[in-house]
Structure formats: C-alpha cells, structure tokens
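A.B. asks: The structure is given below, and queries will be raised subsequently.
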Amino acid sequence: MIEVRNLTKRYRRQVAVDDVSFSCAAGTVTGFLGPNGAGKSTTLRMICGLATASAGTATVGGLPYRRLRDPGRVVGVLLDAAAMHPGRTGRETLTVAALAMGAPPARVGELLDLVGLNRAAAGRRVRAYSLGMRQRLGLAHALLGEPRVLILDEPANGLDPEGIFWMRGLLRDFADRGGTVLLSSHLLREVEAVADRLVVIGGGRVVAAGDKDELLAGDGGTLVRARDQQALRAALDRAGHQVGTVDGRLLVSAPPETVGEVAAAAGAVLLELRAADTGGLEQMFLALTAGESVREAVK
C-alpha cells in the first residue's frame, strides 16, 4: 500500500533524505526508526504530500498522496498533534473534519469513545488538552475516514504506560484487519512489540530494512556481502532463505555454512561472511546508527 522509491530531499547543499526506498504491505505494521535529524519526519512529509521530493517517488495505494481523489478515506495521518485549532473543542475538531471528508456524523462519537475522550474531555477546547489528549484526538482524526493506511509520527508522545499499551493494541488490530501502518517512534521497545517490519534510517539513508524477526535474529543469522549482491540475493531467495538488509549487507536466516554453500553453487564472490549477533532492537539500533548524533552536532 505504501511504496517509496529512491526518495531524496535536498535543502540547498544539505541532503536531508538520500535515495530512500522501502515498502509497507497491507496487514502489517512497519516501524520507521532513526536518531534525531536522520530524515524520518521529512520522509513522512514527502509521502503525505506536505514536502516536495527533489527526486524519487512515494505512493499510497498506487498514487501520490496529492493525486488521491479522497485522501482522508485512503490514508489517515498524524504528524503533529499540536497542529489542531486550539480554540475548537475536541468534538468540534472531529465534526468539522467529518463534514470536510463526508464521513457520517455518528463516526465522531464512536471515535471519541474509541480513543478514550469522554464527554467532558470532548467538550473542552484543544488549548486545554495535555499532549497525551492531543495525541488521542489526533489518532481519532486519522481514523475518521475509515482509511486503509495510517501514517503516524511519534504518536505515543505524551501517553502514559496505559495509553501506550492501548495504542499498541489499536494499531495491531488495525493491521490484523488488513490495514497498513507506518509508525515512526523513538520508543524502541514499543515498536519492537507491535511491528512486523522495520526500516532504520541514519544520516538520511536506509541502513536496515526487513522483517523484524529476520533483522533481530541472533542464532542462525548470517551477515554476508558479495561482489554481485543482487545475484547472491536471488540465489538465496531461490534456496528458500529469508533475506533482509543491514547497512549494505544481506542478513540471512541461515547459518554461515549454508549461506556459503549457496554462494559457492551460484558462483558468487563473497567479500564478507559472518554470523550475526544482535541483542534486540535497541542494540541493533544503536549499532546501526552509532555516531549519527555526533555527526549531526558537527554539521
């Protein structure tokens, strides 16, 4: 449902997003991770038509966001919970949005109940909301048009542990019913708990992408790099092995001996072959993005 191909964004001499490619399929939650300044928010803004790409494409349901006939019915977006009109009440905010996208008025009450904003909270002006309440209202707004896709940037900010657990269940249920979720968050353990796939970005480039279980595999996983990476990946696919990518290497769900045998049979020249050793998402994230915060501070 979401296809990002060679997406690039330049601001004069600075490259904020550099040749980023990934996809998000229906029925999955994709965790989009990276340190501050890595290009996550810029990428999401380009997908949602709020920023123009310098190169590359991003589509939702096969079309660029700006060409969607009724975007609110296709994709629900929460990029900034502070962007809502502070003078309107929560109920008014959703009612105006429902009128704009042609959603039934009854949907407003249903969603207020779903996100846990009771009658008193719904009647308060948004300026009086806590950050957690704004996040809940923003998620209700994203769900208003009954979209097939959700794009969320740090939706758990301001939520207490109970609220984070609630959001995890809501997103998992959305995906299990065939929806597509692209979720950016700095709460690594929560992403690890809910995501099916991971995309890690550092310095504007994708440094790892693939199924969560493959990327986090410890025993039996192998990192391999070949002179002809595409040919090796094709051979591994034909052999029935699951393959992800980590910082320019292939991460294969098989022991090194097996990967070496496949490579030898395919005539692939290997430049690197070693057992992968990861200790969960947090350790993988820190290893892949090591030095990014330092480089950002130096810029």
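A.B. asks: Within region 52-96, how many residues are hydrophobic (A, V, I, L, M, F, W, C), part of a loop (DSSP other than H, G, I, E, B) and surrounded by fewer than 18 Cβ atoms within 10 Å (Cβ to Cβ)?
C.D. replies: Our first condition is that a residue be hydrophobic (A, V, I, L, M, F, W, C); within region 52-96, this holds for 53, 55, 58, 60, 63, 68, 74-75, 77-79, 81-84, 94, 96.
Now drop any that are not part of a loop (DSSP other than H, G, I, E, B), which leaves 53, 68, 79, 84.
With the extra rule that they be surrounded by fewer than 18 Cβ atoms within 10 Å (Cβ to Cβ), the set shrinks to 68.
Residues in region 52-96 being hydrophobic (A, V, I, L, M, F, W, C), part of a loop (DSSP other than H, G, I, E, B) and surrounded by fewer than 18 Cβ atoms within 10 Å (Cβ to Cβ): 1 in total.
A.B. asks: To continue, here is another question. Return the only residue of Thr28, Thr8 being buried (at least 16 other Cβ atoms within 10 Å of the Cβ), touching a residue at least 40 places away in the same chain (Cβ under 8 Å) and closer than 21 Å to Leu281 by Cα.
C.D. replies: Selected residue: Thr28, the only one of Thr28, Thr8 that is buried (at least 16 other Cβ atoms within 10 Å of the Cβ), touching a residue at least 40 places away in the same chain (Cβ under 8 Å) and closer than 21 Å to Leu281 by Cα.
A.B. asks: Working only within region 35-51, note down all residues that are over 25 Å from Asp173 (Cα atoms), in a loop (DSSP other than H, G, I, E, B) and not polar (S, T, N, Q).
C.D. replies: Pro35, Gly37, Ala38, Gly39, Gly49, Leu50, Ala51 - these are the residues of region 35-51 that are over 25 Å from Asp173 (Cα atoms), in a loop (DSSP other than H, G, I, E, B) and not polar (S, T, N, Q).
A.B. asks: Right, another one. Tell me whether region 168-177 contains one or more residues that are over 14 Å from the mean Cα position of the chain (by Cα) and among the aliphatic types (A, V, I, L, M).
C.D. replies: yes
For (1) aromatic (Phe, Trp, Tyr); (2) closer than 28 Å to Gly27 by Cβ, each residue gets a yes or a no:
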| residue | (1), (2) |
| --- | --- |
| Gly116 | no, yes |
| Ala121 | no, no |
| Arg134 | no, no |
| Arg148 | no, yes |
| Glu162 | no, yes |
| Phe165 | yes, yes |
| Gly169 | no, yes |
| Gly179 | no, yes |
| Ser184 | no, yes |
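A.B. asks: Would you point out which residue out of Val77, Val60 is within 18 Å of Arg134 (Cβ to Cβ) and at pLDDT 95 or above?
C.D. replies: Val77
A.B. asks: If we scan region 85-96, do we find a residue that is modelled with pLDDT under 95 and small (Gly, Ala, Ser)?
C.D. replies: no
A.B. asks: Which ones in region 192-203 are assigned to a strand (DSSP E or B) and among the aliphatic types (A, V, I, L, M)?
C.D. replies: Across region 192-203, the qualifying residues are Leu198, Val199, Val200, Ile201.
A.B. asks: Continuing with this model, one more query. Quick test for you: out of Gly169, Gly178, Gly203, pick the one residue that is of a type in the set (Gly, Ala, Ser) and either farther than 30 Å from Leu139 by Cα or free of Cβ contacts under 8 Å to residues at least 12 places away in the same chain (or both).
C.D. replies: Matching residue, one of Gly169, Gly178, Gly203: Gly169.
A.B. asks: From the residues in region 11-25 that are more than 15 Å from the chain's Cα centre (by Cα) and surrounded by fewer than 16 Cβ atoms within 10 Å (Cβ to Cβ), which one is farthest from Asp247 (Cα to Cα)?
C.D. replies: Residue satisfying both the conditions and the ranking: Arg12.
A.B. asks: Might you let me know whether region 61-82 holds any residue that is under 23 Å from Ala195 (Cα atoms), under 14 Å from the mean Cα position of the chain (by Cα) and free of Cβ contacts under 8 Å to residues at least 60 places away in the same chain?
C.D. replies: There is no residue in region 61-82 that is under 23 Å from Ala195 (Cα atoms), under 14 Å from the mean Cα position of the chain (by Cα) and free of Cβ contacts under 8 Å to residues at least 60 places away in the same chain.
The values are calculated or read from the model by the stated rules, or taken from the named source; none is laboratory data. Everything quoted here is computed from the prediction, not taken from an experiment. Counting neighbours? That spans all protein chains shown, and the Cβs are built from the backbone with ideal geometry, glycine included.
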